[in-house]
Amino acid sequence: MTALRRTLGVCYYPEHWPEAQWTEDARRMAAAGLTWVRIGEFAWGRIEPEPGRFDWGWLDRAIATLGAAGLKVVLGTPTATPPKWVLDRHPDMLAVDAEGRARKFGSRRHYCFSHEGYLAESRRIVTELARRYGRNPHLGAWQTDNEYGCHDTVLSYSDSARQAFREWLRGAFPAERGNGGDIGALNRAWGNVFWSMDYADFDDIDLPNLTVTEPNPAHSLAFRRFSSAQVARYNRAQVEIIRAYSDAPIAHNYMGRVTEFDHFALGADLDIASWDSYPLGFLEDRVGASAEDQRHFARQGDPDFQAFHHDLYRAVGRGRWWIMEQQPGPVNWAPYNPAPLPGMVRLWTWEAFAHGAEAVCYFRWRQAPFAQEQMHAGLLRPDSRDAPALAEARQVADELAAAPEVCPAAAPVALMFDYDADWAWTVQPHGRGLAYFQLVFDHYRALRRAGLSVDIVPADTRDFAAYRAVLAPGLMHMPDDLKQALTSSGCAVALGPRSGARDGQFTIPVPLPPAIPGLDVTVARVESLRPDMPIPVRGGGAVRGYREELETALEPLWRDVSGAPVAVRAGRATYVGGWGDDALLDRLVAELAGQAGLTVTPMPRGVRTRDTGAERFWFNHNPHPADTPAGPIPAAGVLRQPLQSVSTGSENT
């Protein structure tokens, strides 16, 4: 693959600062080695203070000032923060939560994706922006909106969403003749004979909230699919306008562990995937770390959570991806907001580059002394003095001058991630705390503990020729061609639990799952387990949370302490009938690596490695030095090795 140039950037809000300060800010950004400056994504009210009255002068001058300093602008469309007058025009544009309460003005992301009036307003402002700046010589890239899905804003139970959902269902269940949908087909697919839930018309169908008890899971899954499609539709409207006026690449900035919409579907319309990386902010409520790990990694972040998303968004961007917002210091919104350990901002930056990032942009340039994010650190303090992270950013810039390029390379292992499977698990977790994301992340952690580099791939992947092992746990719906592609790939393949447990309309299929070609195993019964009821497995490890009773004529690969099958193998395909703890997942990875001819290098706690096409990186996420197979690494340290000299020496950076 072609080598990519690694660059740095920052997020900047010229509308927050006196115009006399802009030139000095731009000069300092360039002197710090920054290339990119993202602006504009929250500035609708300053661009269009009244309906139809535009004030472009300040934005023209801001872009010119940044460009004169040699910086490239990433221009955000400002649709995440519609001004109050837009809401006054469209008072029903607000999203409605699952309890039936409309969201309010006074923050951000205050719109429903299904509201046609707001979509028209968005098209209008994006058209004006793209027409004015699409060919500007200082424009380097675009960002659509900001953080779709943040603050639980994908699922809206508004009147607009209700009407749009009905129309979407008509398209999902088309009539054989004429216009409209086939309500009988929907009733049969959803099993609406149960509890006398048959509908006579699509207009009878409401949204799956505020029901007396749980709604039909097929109904809930359909609503989540619809809601995801609405996000993609909304984003596509912006992309189509921008492309009519500009050739600059278009990105969106996703969020960690936000799975309410399909990022692969959205990414198909974009040129670059980016995400907003907040290792300390995410540690407690999104990582699922133990209390001990939360303490140990409080100032460093989880060793695998950031890397997982780097690999995910590399796949979403089809190889092109950025960090649009990198945490530079304490944030304002997490349960606890410690300062990073010295060296961690640099480590996070190099970690992103090791996973193939083209750019890492820090959020933000100067800490705001006002409003909701005044406790969120930047590269500068509110008084414009250097904050600690600026020195680390300058250090990375100096290091990049000597090593500006990264050579991407396929990893030996593929891990499949599917947003539709996440929705299915969310609709029917079957046990408290059981989540598809966590299941996949647990497998990812096991691969990383074994010193293996990983590619994340979407569920529509059918060509696995680049890989030696493939893991696809928890895919509730598995089309037959995916099963066939996996089992005929020649890779060492691991499936389960809950693989193929439902068809596309959330019905238990017959033959019973997993129905994998060439693999004689049937899930006869399932159970969810209390956290204090793990089932030990002979040879080490245990099943926790979720367990399947397997019927098979094969000799089990693993048995639990009672002798019941836990995992079976036929050829190069392995089915695991339960959610393994760390020890059991380590055994699974060792088994697959042995089949695939891969070398397992057990990692010390908090140490991880990643290979590119030309380098091997080692990262020490610990608050103390660590001994590694490549040599000692200081706390929050990074070690780089040219691959050709991995066995003979290293370069400690």
*What ³J(HN,Hα) values, in whole Hz, does the Karplus curve 6.51 cos²θ - 1.76 cosθ + 1.60 give for region 74-85 when θ = phi - 60°, with x put for Gly and Pro?*
9, 9, x, 6, x, 7, 6, 9, x, x, 4, 5
_Counting other C-beta atoms within 10 Å, and keeping those with at most 13, which DSSP coil trypsin sites (Lys or Arg not before Pro) do you find in region 563-653?_
R605
*Got the relative contact order for region 93-243 handy, in percent, Cα pairs under 8 Å and 6 or more residues apart?*
29
*Relative contact order (%) - criterion: Cα under 8 Å, at least six apart; region: the chain*: 11
*Which number do you get for Rg(Cα) / (2.2 N^0.38 Å) in region 325-466?*
1.33
*Where a ≥ b ≥ c are the square roots of the eigenvalues of the C-alpha gyration tensor, would you call region 379-453 rounded, which needs a/c under 1.5, or, failing that, prolate if a/b is larger than b/c, or oblate?*
oblate
*Using a 10 Å cut-off on Cβ atoms, rank the peptides 287-298, 475-486, 130-141 from the highest mean neighbour count down.*
475-486, 130-141, 287-298
*Tally the DSSP beta bridges in the chain and give the antiparallel ones as a percent, rounded to 5.*
45
*Three-way shape label, the chain, alpha-carbon gyration tensor, a/c 1.5*: oblate
_Over the chain: helical MRE at 222 nm, DSSP H runs n ≥ 4 each giving -39500 (n - 2.57), nearest 500_ = -9500 deg cm²/dmol
*Among the lysines, select those whose C-alpha is under 22 Å from the C-alpha of K84, and discard any that sit fewer than 8 residues away in the same chain.*
K104
*Low-density loop cleavage sites - chymotrypsin sites (Phe, Trp or Tyr not before Pro) in region 333-407, where at most 15 other Cβ are within 10 Å (DSSP)*: W333, Y336, F370
*asked:* Under 8 Å for C-alpha pairs, at least 6 residues apart: give me the relative contact order for region 180-339, rounded to a whole percent.
replied: 19
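FYI, it's all coordinate maths here, none of it is from the lab. Nothing here was measured: the structure is a model prediction, and the numbers come from that model. When we count neighbours, we look across all protein chains shown, and the Cβ atoms used for this are built from the backbone with ideal geometry, even at glycine.
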